[in-house]
Amino acid sequence: MKLTGLKLSEPLKAPCVSGITEMAPLSRPVFVSDLHLSGRNKKTVLGFLWFLKTQAKNYDELFLLGDIFEYWIGDDASSPAEPLARALRKYASLGKRVYLMQGNRDFLIGEDFARHCGAELVADGTVVECSGKRILLSHGDKWCTLDDEYQEFRRQMHDEAFQLMALRMTVEERIDFAKKARAQSKKTKTERSREMMDVVYDEVACEVFAKNCAHVIHGHTHRPAHYVYDNFTRTVIPDWDLDDKNRPRKGWVEINSAGEPQVVLSEHFF
């Protein structure tokens, strides 16, 4: 299948310098990440479309905090994601606010695709307000600083000049590059410990305190949990995989009646 998609806006803008950093206070938000959608996990795709039609209607703002897709080579190759874009536009038409953030897999998502979904692109590290509390939002991979090799790779992938160069490549060239990068990632992942692939408390706390936040919500680690520290809480969003026969899973984070982030793990398939 030949990948097609949106015509990129001119002048070309690197995704790493795109995205809003401020927004109106939130009412009833829900936070989702790490769907890793692709043509290979059809049950997960169907499950998330089901979520948009049913559970998401209980909220006023939907945040997709990265790794929504298993990979993303540019908004101009977005045709496989059209069913999701269509579902998000329909959800937004109900008066809901939709926000997209890039992850480590889909760091090339840009403002063009976000607009196409009826959404706004949000920069990593944005602070939002809900129930009178400031909440720091991130995909989370920038805080996994024990993995020097990954952080060096991340710096390269988030370099503005690199992203502009990549988006000027042909789609076929980008696909080839992505396949090689993914193969290398799989090879080195087996050499990393669980500790190396988790966030470092000091890194998180530094940004939380600098931005005067009470809570932080992130994804990436696939370890859903709610951590309570002396001066802030950290809530990790569940990953989704309904195609895993041994451990099908999905979940999200919401703000409970006490104004605190809370992990919701759903047992229903969809």
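Some observations on this one:
- Condition check for Q55 on (1) surrounded by 16 or more Cβ atoms within 10 Å (Cβ to Cβ); (2) without any contact (Cβ under 8 Å) to a residue 40 or more places away in the chain: one failure, at (2).
- Options V236, V264; residue that is modelled with pLDDT of 95 or more, within 22 Å of N58 (Cα to Cα) and in contact with a Phe, Trp or Tyr (Cβ under 7 Å, 6 or more places away or on another chain): V264
- Among residues of segment 104-146, those that are on the phi > 0 side of the Ramachandran plot and touching an Asp or Glu at 6+ places or on another chain (Cβ under 8 Å), counted: 1
- For segment 28-42, the set of residues classified as of a type in the set (G, A, S) and touching a residue at least 60 places away in the same chain (Cβ under 8 Å) consists of S33 only.
- Condition met for M157 (under 20 Å from L6 (Cα atoms) and either of a type in the set (A, V, I, L, M) or surrounded by fewer than 18 Cβ atoms within 10 Å (Cβ to Cβ) (or both)): no
Per-residue answers, yes or no, for (1) among the β-branched types (V, I, T); (2) farther than 23 Å from L108 by Cβ:
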| site | (1), (2) |
| --- | --- |
| S131 | no, yes |
| I135 | yes, yes |
| D148 | no, yes |
| R154 | no, no |
| S193 | no, yes |
| V204 | yes, yes |
| K211 | no, yes |
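- Verdict on V128 being in contact with a helix residue (DSSP H, G or I) (Cβ under 9 Å, 6 or more places away or on another chain), at pLDDT 95 or above and crowded, with 18+ Cβ neighbours inside 10 Å: no
- Residue pairs whose Cβ atoms lie under 9 Å apart, sitting 6 or more positions apart in sequence or on different chains, and linking a residue in segment 178-194 that is at pLDDT 70 or above to a partner that is of a type in the set (A, V, I, L, M) and surrounded by 10 or more Cβ atoms within 10 Å (Cβ to Cβ), are A178/I73; A181/M157; S193/L146.
- Annotation note: of V171, V204, V122, the sole residue that is surrounded by 12 or more Cβ atoms within 10 Å (Cβ to Cβ), over 21 Å from the mean Cα position of the chain (by Cα) and β-branched (V, I, T) is V171.
- Single match in L12, L8 (criterion: of a type outside the set (V, I, T), crowded, with 16+ Cβ neighbours inside 10 Å, outside any helix (DSSP H, G or I) and over 15 Å from the mean Cα position of the chain (by Cα)): L8
- Any hit, segment 78-92, residues being of a type in the set (F, W, Y), in a strand (DSSP E or B) and either in contact with a strand residue (DSSP E or B) (Cβ under 7 Å, 6 or more places away or on another chain) or in contact (Cβ under 8 Å) with a residue 24 or more places away in the chain (or both): no
- Residues satisfying the stated conditions in segment 222-242, i.e. assigned to a loop (DSSP other than H, G, I, E, B), crowded, with 16+ Cβ neighbours inside 10 Å and either out of contact with any Asp or Glu (no Cβ under 9 Å at 6 or more places or on another chain) or among the hydroxyl-bearing types (S, T, Y) (or both): F232, L242
- Any hit, segment 34-51, residues being out of contact with any Gly (no Cβ under 9 Å at 6 or more places or on another chain), under 15 Å from C117 (Cα atoms), of a type in the set (D, E, K, R) and part of a helix (DSSP H, G or I): no
The values are calculated or read from the model by the stated rules, or taken from the named source; none is laboratory data. Keep in mind that what you see is a predicted model, and the values were worked out from it rather than measured. Here Cβ is always computed from backbone atoms with ideal geometry, including for glycine, and neighbour counts include all displayed protein chains.
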